[in-house]
Amino acid sequence: MSCIRFTTPAQLAQLRAMAPAMLTAEQAAVLHPAPEFTASKLRRLRLLATHPNPKIRESVASSNHTPPDLFQSLANDPDERVRACVAKNTATPGEVLGSLVIDDSERVRGFLAVNFFLPADALARLANDSSTTVRELVRWRTELANA
């Protein structure tokens, strides 16, 4: 039994005609708005940021609604995966991102290197990082930004 499909030109035309129209991100946002961010959700984020399970703390570090003071405390988390989520989150304040440049974890510095919201002075420090991987990520990001 073959898993190769042989679709005729007429069948392909019919499939294209029946395909749903693709929505832009803006149109999808209007049709499916995100729920309102409330004070109770902020309290929940604050509570979950201290949870013993690092996966739960990672979810807080990955949220766009995490307040700056929580980002700062999560940037000092003992688990490198939590700090990596802080480093790659585009909502993390620049000063918090800058503080992670000296993190012991290559993973954290690597995610930091590809975050386009990293301040320029911090990126310059990473360009001279002890890790070849981090330096290569900085080079790649710089080339991408200049393309």
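The values are calculated or read from the model by the stated rules, or taken from the named source; none is laboratory data. The structure displayed is predicted, hence computed values, not measured ones. Every residue, glycine as well, gets a Cβ built from its backbone with ideal geometry; the counts of neighbours run over all protein chains shown.
Checked against (1) surrounded by 13 or more Cβ atoms within 10 Å (Cβ to Cβ); (2) modelled with pLDDT of 95 or more; (3) assigned to a helix (DSSP H, G or I), Thr142 passes all but condition (2). The set of residues in region 84-99 being of a type outside the set (Val, Ile, Thr) and either surrounded by fewer than 23 Cβ atoms within 10 Å (Cβ to Cβ) or in contact (Cβ under 8 Å) with a residue 60 or more places away in the chain (or both) consists of Lys88, Asn89, Ala91, Pro93, Gly94, Glu95, Gly98, Ser99. Contact map, region 44-59: first residue in contact (Cβ under 8 Å) with a residue 60 or more places away in the chain, second residue of a type in the set (Ser, Thr, Tyr), Cβ cut-off under 9 Å, separation 6 or more or different chains; the map is empty.
Quick one: in region 49-77, of everything that is under 17 Å from the mean Cα position of the chain (by Cα) and of a type in the set (Val, Ile, Thr), which residue is nearest to Ala91 (Cα to Cα)? Only one residue fits best here, namely Thr66. Contact annotation: residue pairs with Cβ atoms under 9 Å, 6 or more positions apart or on different chains, pairing a residue in region 113-137 that is closer than 13 Å to Ser99 by Cα and without any contact (Cβ under 8 Å) to a residue 24 or more places away in the chain with a partner that is surrounded by 11 or more Cβ atoms within 10 Å (Cβ to Cβ) and basic (Lys, Arg), are Leu123/Arg141. Residue count for region 19-48 satisfying the condition of being under 23 Å from Gln72 (Cβ atoms) and either surrounded by 11 or more Cβ atoms within 10 Å (Cβ to Cβ) or under 21 Å from the mean Cα position of the chain (by Cα) (or both): 8.
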